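Comments concern the structure below.
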């Protein structure tokens with residue numbers, strides 16, 4: 001039986017350009033309305049609040065130069081995402097909103113002091129009754145999750161390397177894979193015709209892929225994977 005009961009996973013919520021900002025409560029409400037699972041990103045502030053936000057800094061979404069890890073939540077809480085009234089949500093706000101209605105795929109972004117963010121997340125998820133998965137690009141974060149006292153389902157995210165490093169791609173993937181021993185992998189869609197994809201299929205490891213931005217591409221790959229992280233179109 002697949003880990004992913006719903007193959008449809010809205011990337012950073014079901015957002016739409018700057019009208020419905022990514023990783024906003026509105027984007028998650030729209031995903032719930034359409035019965036999509038959601039993928040989203042978490043970061044930690046200087047005062048140890050877990051916020052749902054993709055970028056290392058605030059420039060792209062909030063037109064501020066500061067880095068998330070260097071500011072307190074009080075600095076973030078009143079900032080608008082793009083030109084909307086949407087704010088940067090806390091993880092606990094997202095958990096309260098979703099309340100088990102859809103599956104969550106939570107990506108932990110690269111951060112300092114591995115263990116601090118994770119232990120706070122464990123506390124928050126310990127009270128949560130819905131289905132969730134944790135994933136990251138970062139090997140050391142995943143090892144911490146894997147060796148925690150809790151039985152989380154975790155995923156290794158891996159992206160295609162630039163052409164001049166392509167010959168090292170599978171070696172790097174296998175190194176991380178065997179170090180982490182993930183429950184699933186989240187592969188860049190460019191890797192769906194690669195030896196990495198074939199390896200995962202032979203291993204029987206579940207595969208989700210990202211980020212699909214048109215329906216034709218979705219239909220091309222739907223049978224190849226267990227979940228598709230998509231944006232900007234209705235299934």
Does the range 70-83 include one or more residues that are in contact with a strand residue (DSSP E or B) (Cβ under 6 Å, 6 or more places away or on another chain), under 20 Å from residue 13 (Cα atoms) and surrounded by fewer than 20 Cβ atoms within 10 Å (Cβ to Cβ)?
no
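Right, residue 128: surrounded by 14 or more Cβ atoms within 10 Å (Cβ to Cβ), outside any strand (DSSP E or B), touching a residue at least 12 places away in the same chain (Cβ under 8 Å) and at positive phi or not?
Taking the combined requirement at face value, the residue does not satisfy it.
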Only one of 102, 108 is under 14 Å from the mean Cα position of the chain (by Cα) and either surrounded by 19 or more Cβ atoms within 10 Å (Cβ to Cβ) or modelled with pLDDT under 95 (or both). Can you tell me which?
108
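The values are calculated or read from the model by the stated rules, or taken from the named source; none is laboratory data. Since the model is a prediction, treat every value here as computed from it, not as a measurement. Positions of Cβ are generated from backbone atoms using ideal geometry, with glycine treated the same way; all protein chains shown enter the neighbour counts.
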